[in-house]
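The next block holds one structure in the form of structure tokens; read it before the comments.
Every number in this text was worked out from the coordinates using simple rules, so none of it is lab data. Being a predicted model, the structure only gives us computed values, none of them experimental. Counting neighbours? That spans all protein chains shown, and the Cβs are built from the backbone with ideal geometry, glycine included.
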Amino acid sequence: MQKLLPLILVLTSFVGLRGQSCGLKVVNTLEGYRQKVVENPENELVEIIKAIPSVKLDIKYATKDNLVHQRVYKQARAFARKPVVEALQKIQAELNTQGLGIKVFDGYRPYAVTCLFYAAIRDTTFVAAPWHGSRHNRGCAIDLTLINLKTGKELPMPSGYDETTERSFHDYAGGTAEERKNRAILREVMTKHGFAIYKYEWWHYDFIGFQRFDITDIPFEELSK
């Protein structure tokens, strides 16, 4: 893993990253996004907590407690495509019967943020390559963990969120038995309801069928208009 580039340089150029697409088809206007929703209501980017009020949020990229140690979202919010949120509703309901719930770290991620991450990290294991785009950019990836409903605390996992070591891998055999069991509980319920794992990050799940959704580059604050 290369060292982070000087972040002041990366973040200074952040505004300029919007609109870049590396040759990809990117929906980057509110009008274009609205037209996609008219064509197919499943294209709507739904705010997760409005659809599932019991979900907890910890939007790391709206703080400096994240991979690049800088705030890259202006608002601490999480969105996902309509069928993704519908699947999360089923997951939350099932976990609740076990005294558990989900905490979301990230959902839909504007494409410009993916460009920023790659500019800072220059690694395609823990960040997406801009020339491919991310499932987050399609509104079809969720970063999340499990919480205890009574205490509200996160269940122990083999690594922290966004940790760039092998401890984050799904097949990591270390850690405690409790941590591995919690990782397995999350994996079982997510894959049962239409998500696939990303083998290098236990917290990251891709909605199956993400390919039918467009890479999108619209900030949260514009989606609210």
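Efficiency by 1/(1 + (r/R0)^6): what FRET value for E86 and Y200, r their Cβ-Cβ distance, R0 = 35 Å, to the nearest 0.05?
Between E86 and Y200 the formula returns 0.85.
Rounded to whole Å and sorted largest first, list the principal axis extents of the Cα atoms in the stretch 167-225.
Principal-axis extents of the stretch 167-225 (Cα, largest first): 46, 23, 17 Å.
Can you tell me the convex hull volume per residue for the stretch 143-197, based on C-alpha atoms, in Å³ to the nearest whole number?
So the per-residue hull volume is 88 Å³.
Could you work out how far apart the two model spin labels at E222 and H132 are, taking each label as a point 7 Å from the Cα in the direction of the beta carbon, and quote it in nm?
2.6 nm
So which of K60/K90; K25/K103; K64/K90; K153/K181; K36/K225; K60/K153 end up more than 22 Å apart by C-alpha?
The pairs that break the limit, which is 22 Å between Cα atoms, are K60/K90; K25/K103; K64/K90.
Students often check this: by mean Cβ neighbours within 10 Å, which of 145-151, 76-82 ranks highest, and how do the rest follow?
Top to bottom by mean Cβ count within 10 Å: 76-82, 145-151.
Cα atoms only, the chain: Rg and Dmax in Å?
Values for the chain (Cα only, Rg and Dmax): 16.9, 50 Å.
Could you work out how much longer the chain between K64 and Q211 gets when fully extended? Use 0.36 nm per residue separation minus the Cα distance between them, nm to one decimal.
Full extension of this stretch gives 49.8 nm more.
Please give, to one decimal in nm, the separation of the simple spin-label points placed at D123 and K150, each 7 Å out from Cα toward the Cβ.
Reported label-point gap for D123 and K150 is 3.8 nm.
Calculate the spin-label point distance for E39 paired with R187, positioning each point 7 Å from the Cα along the beta-carbon direction, and give it in nanometres.
Between R187 and E39, the simple spin-label model gives 3.7 nm.
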